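J.: One structure follows; several queries about it will come next.
Throughout, read-outs are computed from the coordinates displayed, never taken from laboratory work. On a predicted model such as this, the values are computed, not experimentally measured, just so you know. As a convention, Cβ positions derive from the backbone with ideal geometry for all residues, glycine included, and neighbour counts pool all protein chains shown.
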2 protein chains.
Amino acid sequence: MHAHPKAPAPPAAPAVLPTVLISEVGPRDGLQSVQAVMPTAYKLAWIDALHTSGLREIEVGSFVPARALPQMADVADVVRHATALPGWVVMALVPNLRGAEAALAAGVHKLTIPVSASEAHSLANVRRSRVEMVAVVREIVALRDAVAPGVPIEIGMSTAFGCTLQGAVADDEVVWLAEQLAAAGVDEIGLSDTTGMANPAQVRRLFQRVRAAVGDKTGSAHMHNTRGLGLANCLAAYDVGVRTFDASLGGLGGCPYAPGASGNVVTEDLVFMFEAMGVDTGVNLGRLIAAREALKAGLPGEALYGMTPEAGLPKGFAGRRTA
Amino acid sequence: MHAHPKAPAPPAAPAVLPTVLISEVGPRDGLQSVQAVMPTAYKLAWIDALHTSGLREIEVGSFVPARALPQMADVADVVRHATALPGWVVMALVPNLRGAEAALAAGVHKLTIPVSASEAHSLANVRRSRVEMVAVVREIVALRDAVAPGVPIEIGMSTAFGCTLQGAVADDEVVWLAEQLAAAGVDEIGLSDTTGMANPAQVRRLFQRVRAAVGDKTGSAHMHNTRGLGLANCLAAYDVGVRTFDASLGGLGGCPYAPGASGNVVTEDLVFMFEAMGVDTGVNLGRLIAAREALKAGLPGEALYGMTPEAGLPKGFAGRRTA
């Protein structure tokens, strides 16, 4: 195990807490899904632009072997850059203990671990059963407790709403897995619609059941727009008390194993929805849309999504963060 | 006034009433928004394909002067063809008394009249104030009562959620206009997000207020996907009791005065959302998606939208109408 010279500095609290927390996943989930490797300088400029928009949480990379994901070879440098910016929480994805060690050494504020709700997906994706993954999570929790007790651990429970391999995933299995993970000592358990199979009724039912099982450890809604239901599913999650939403600038990324499938909810459209509803996101929508330029500069030719950037903001629209 | 040789035959009741009614507007709203003129034979084949999918309501055209909208020059023939198909309600848009006369003579099952909630939009679009439009509606109601008392009249209240000319439209004005129209004798008053400015909180609030004012005369939700919120807004409307939803196959059309702006909610995605939730639409989704071919044949090169047709149906997905 590495030495951890200092505990990471806690992020400065924003002046006004947003009513919902938009967790930007583009630099991790997005970049991981495209073929191109974004040069580090462009990544940092993009992250700066995202920070300027007022985002309060960002997932900046994965701690995985560079030979597996060359897009993430510079993740430690990216984490160091992002954590030097004030007022936001910098997360990284870690698939195993080794990744968690490296992420904590780099000074991340928060860890996120993917665990599949579908046994078939778990075996195919990480060659581990769900029970084996819970054991991995326990090891990471022990590491965190030993070296960085202030760093929260989040689970992104993938295929929670269905699986392209096995089809439906039973609600009971999602709830069972959430209970196992809560008992393993994680801080948050989010539900991911990895395959774009979720519908609003299911989203409401499943988040309510998970909340009944693990209470305030219920985490974010990570919805995909594969069949156009991304925002409707976010609305459904909001209606049952979810307050953290994963999204990706320009809708970059999604499932790297379903190439061509449109994936992540578009941050710009999600922020527009909440701000138009009068729900504070903390994000300045104009600056968020401007951050697309930094993304385009780093990934020339890559397809970006988003209806709000194309249509523009409506006449008379005022988000809460226009300064 | 024309003679009306026979009252139009009432549509045959479908065997099982759908839980929601999807009102397809493509042949009217869609075709009216594109430059190309679809030849009549292609229109009829497209309408046949839509009928085969199980749709129970369709808006097939506008009764307007052919010089103003050459796309609608064949509307009477199209109405006669569509009304000969069993088990659905065939609507046409009529902007004035003359159009209503022609529509009733052609044998439509239902009339829809656009009335702007925004005074600025009303004056710009039809060169009549809202009060003048209510007077037009009263004339059409009197005609209907005299010659075709079984034909319901629906209002599509455009710009109900905002206007590109005047910006916000006050809820009170929408409610006031709905009350005027109900008093004028119409059967249904739907609310249209002509400009893609609606948000789910507003949709819930406004439909609830209109229902409090005019009760069961509250009609359809006609949402646009201009800023990606189309399905979220439909979900919001469903949540407060709306059961009729306008949509357009392939998302064709929207506002003809905002070229390039993506417009109508995509029927395929809307049907997928409800069917996935377990809400019966009466529509066979596979056949609905197949109907896109008939649309493409009649409008070669026209951009079509829709995420569900592109992604395909999820593994294990079973709509209710798979026969």
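J.: Expressed as a whole number of Å, what is the distance separating the alpha-carbon centroids of region A:37-101 and region B:44-94?
T.: 54
J.: Specify the residue with the greatest mean-square fluctuation among B:148, B:124, B:213, computed from a Gaussian network of chain B linking alpha-carbon atoms under 10 Å apart.
T.: B:124
J.: Please report the antiparallel percentage of the DSSP beta bridges confined to region A:21-311, to the nearest 5.
T.: 5
J.: Which residue, chosen from B:178, B:252, B:298, occupies the Cα position most advanced towards the positive end of the dipole of chain B, where the dipole is computed from +1 (Lys, Arg) and -1 (Asp, Glu) charges on Cβ about the Cα centre?
T.: B:298
J.: For region B:134-151, in order, what is each residue's ³J(HN,Hα) by Karplus, 6.51 cos²θ - 1.76 cosθ + 1.60 with θ = phi - 60°, in whole Hz (x at glycine and Pro)?
T.: Karplus values, whole Hz, x for Gly and Pro: 4, 5, 4, 4, 4, 5, 5, 4, 5, 4, 4, 4, 6, 10, 8, x, x, 9.
J.: Which length gain, in nm to one decimal place, applies between residue B:303 and residue B:172 when the Cα-Cα distance is subtracted from 0.36 nm times their residue separation?
T.: Stretched out fully, the residue B:303 to residue B:172 stretch lengthens by 43.4 nm.
J.: Under the rule of at least 5 residues apart or a separate chain, name every residue whose amide H is placed under 5 Å from the amide H of residue A:162.
T.: Close amide H contacts, sequence-distant or interchain: A:169.
J.: Using a Gaussian network for chain A with springs between C-alpha atoms less than 10 Å apart, which of these wobbles most: A:52, A:267, A:195?
T.: A:52
J.: Let me ask another. Return the FRET efficiency for the residue pair residue B:165, residue A:201: r is the Cβ-Cβ distance, R0 is 41 Å, and the value is rounded to the nearest 0.05.
T.: After rounding, the FRET efficiency stands at 0.60.
J.: For the rotation bringing B onto A, which B residue has its Cβ nearest the axis, and at how many Å?
T.: That would be B:232, 2.
J.: Let me ask something additional. Count neighbours as other Cβ atoms within 10 Å of each site's Cβ, and list the trypsin sites (Lys or Arg not before Pro) in region A:37-114 that are DSSP loop with at most 14 such neighbours.
T.: Loop-located and lightly packed - A:67.
J.: Run the label-point distances for residue B:87 please: 7 Å along Cα to Cβ, every other copy, nanometres, shortest first.
T.: 5.9
J.: Tell me, B:44, A:235, A:93 in order of fewest to most beta-carbon neighbours within 10 Å?
T.: B:44, A:93, A:235
J.: Could you tell me the number of lysine pairs in chain A with C-alpha atoms less than 24 Å from each other, where the two lysines are 8 or more residues apart or belong to different chains?
T.: Lysine pairs meeting the criterion: 4.
J.: Which residues in region B:94-111 have a backbone N closer than 17 Å to a point placed 7 Å from the Cα of residue B:84 along the Cα-to-Cβ line?
T.: Under 17 Å, as judged by backbone N against the label point of residue B:84, lie B:106-109 of region B:94-111.
J.: Moving on to the next point. Rounded, prolate or oblate: which one fits region A:21-311, using the alpha carbon gyration tensor with axes a ≥ b ≥ c (rounded when a/c is under 1.5, else prolate when a/b beats b/c, else oblate)?
T.: Since a/c stays below 1.5, the shape of region A:21-311 is classed as rounded.
J.: Near the amide H of residue A:23, under 5 Å away, which other amide H atoms are found, from residues 5 or more places off or on another chain, if H is placed in the peptide plane?
T.: A:245, A:246, A:247
J.: A further question on this structure: Convert each backbone phi in region A:193-207 into a coupling constant with the Karplus relation 6.51 cos²θ - 1.76 cosθ + 1.60 (shift: θ = phi - 60°), then list the ³J(HN,Hα) values in order as whole Hz, x for Gly and Pro.
T.: The phi angles translate into 8, 3, 10, x, 10, 6, 10, x, 5, 5, 4, 5, 4, 6, 5 Hz.
J.: Give the residues of region B:43-85 whose amide nitrogen is closer than 16 Å to a point set 7 Å from the Cα of residue B:35 in the direction of its Cβ.
T.: B:70-71, by backbone N distance to the label point.
J.: Next up: With the Cα gyration tensor of the protein assembly as shown giving a ≥ b ≥ c as the square roots of its eigenvalues, does the rule (a/c under 1.5 for rounded; else a/b larger than b/c for prolate; else oblate) give rounded, prolate or oblate?
T.: In terms of gyration-tensor shape, prolate.
J.: Which of the three applies to region A:164-283, rounded, prolate or oblate, going by the alpha-carbon gyration tensor with a ≥ b ≥ c and a/c under 1.5 meaning rounded?
T.: The shape class here is oblate.
J.: Of A:106, A:170, A:92, which is the most mobile in a GNM of chain A whose springs link Cα atoms less than 10 angstrom apart?
T.: Of A:106, A:170, A:92, the most mobile in the Gaussian network model is A:170.
J.: Would you mind listing the distances between the residue B:35 label point and the same position in each other copy? Use 7 Å along Cα-to-C-beta, nm, one decimal, shortest first.
T.: Computed spacing set for this position: 3.3 nm.
J.: Using θ = phi - 60° and the Karplus relation 6.51 cos²θ - 1.76 cosθ + 1.60, list the HN-Hα couplings for region A:106-119 in order, rounded to whole Hz, with x at every Gly or Pro.
T.: 6, x, 4, 7, 7, 10, 10, 10, x, 9, 7, 6, 8, 4
J.: What's the extension gain from residue A:97 to residue A:216 if we count 0.36 nm per residue and subtract their Cα-Cα distance?
T.: 40.3 nm
J.: Please report the spacing between the Cα centers of region A:124-149 and region B:146-175 in Å, no decimals.
T.: Each part reduced to its Cα centre gives a spacing of 57 Å.
J.: How far is residue B:98 from itself in the other copies, in nm, if each label sits 7 Å out from Cα along the Cα-Cβ line, shortest first?
T.: With the label placed 7 Å along Cα→Cβ, residue B:98 yields 7.9 nm.
J.: Under 5 Å between amide H atoms, partner at least 5 residues away or on a different chain: which partners does residue B:89 have, H built in plane at 1.01 Å?
T.: Distant-sequence amide H within range of residue B:89: B:57, B:58.
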